[in-house]
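J.: Provided herewith is a single structure, encoded as structure tokens, for subsequent inquiry.
Every number here is computed from the coordinates shown, using simple stated rules; none is lab data. As the structure is a computational prediction, the values presented were derived from the model and not from experiment. FYI the Cβ positions are ideal-geometry reconstructions off the backbone, even for glycines, and counts take in every protein chain you see.
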Amino acid sequence: MYLQLEGVSKIYHKGPVEVRALDQVDLSIERGEFLVLWGVSGSGKSTLLNLVGGLDHPTSGKVEVEGRSLERLDSDALADYRREHIGFIFQSFNLIPSLTVLENVTLPLAPLRLSGAEKRRRSAAAVEQVGLTARASHLPGELSGGEQQRVAIARALVNNPEVILADEPTSDLDTATGERIIDLLEEMGRQGRTVILATHDPRIRERAAHRVIMQDGRIVERA
């Protein structure tokens, strides 16, 4: 099994109140699987993505990738794991407004020991992959919402990650644009990447071949 969660719980404390963001979650994900996590806000989807992406630690349980327990890694090893294996796509795009499309996509390559020419080559290839070569020199403010999300996808792809984690990537987009973004992410899956997409959009739930329905921090259905 490529990715495995066993008995994973994540508990937050807000004053005297205990919040169980995840509650004894077991989940297995195969390499190359396109998996949709569906549920309303607060169901635990984003927390699960953060644990898989090494952005947070479980309160209890294990998160393993190819048999390696993420909770046993120190901060440097987790940073390496994220940089080498994970591509993050966020709802809010998180683009730097003063940088061009190409410059935004190049950012994840900054810590790597690559020549400037190689960084530009990789970034241009990622921009081409999402169909934005003609917009490479534009600033984010000159792009539509769908184009900005495609830039965010290119940025997630530039390190050629094995796993793409997408958190509500279509919620700020119109229906047609959102469908195109999902088409693009599905193509990433067909290319052999593992894609885990969190959403509360029922349209995406219905078109997903593999889906997990979450409620109150638990998995209530897998199809």
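J.: How long are the semi-axes of the equivalent ellipsoid of the stretch 32-110, defined as square roots of 5 times the Cα gyration tensor eigenvalues? Whole Å, largest first.
T.: After scaling each eigenvalue by five and taking roots: 25, 18, 12 Å.
J.: When the chain is treated as a GNM, springs tying every alpha-carbon pair under 10 Å, which of ARG180, ARG113, ARG203 comes out with the largest mean-square fluctuation?
T.: Result: ARG113 has the largest fluctuation of those listed.
J.: Follow-up. How much of the DSSP beta bridge set in the chain is antiparallel, as a percent to the nearest 5? Display every interim value, and only then the final one.
T.: On the way: 20 of 39 bridges.
Around 50 percent antiparallel, to the nearest 5.
J.: Select from LEU99, LEU139, LEU112 the residue whose mean-square fluctuation is largest in a Gaussian network model of the chain (Cα-Cα springs shorter than 10 Å).
T.: In the Gaussian network model the winner is LEU112.
J.: Between the stretch 155-176 and the stretch 30-80, what is the C-alpha centre distance in whole Å?
T.: 16 Å
J.: Straight-line reach from LYS10: which lysines have Cα under 24 Å away, leaving out those fewer than 8 places along the same chain?
T.: Here the lysines satisfying the reach criterion relative to LYS10 are LYS45, LYS62.
J.: So for the pair SER98, ILE213, with labels modelled 7 Å out along Cα→Cβ, what separation do we get in nm?
T.: 4.8 nm
J.: Taking only Cα atoms and a 10 Å spring cutoff, compute GNM fluctuations for the chain and point out the largest among GLU147, GLU179, GLU66.
T.: Its mean-square fluctuation being the largest, the pick is GLU66.
J.: Same structure again: Tell me, what is the FRET efficiency for GLU206 and THR133 to the nearest 0.05, using R0 = 45 angstrom and their Cβ-Cβ distance as r?
T.: With R0 = 45 Å, the Cβ-Cβ based efficiency is 0.85.
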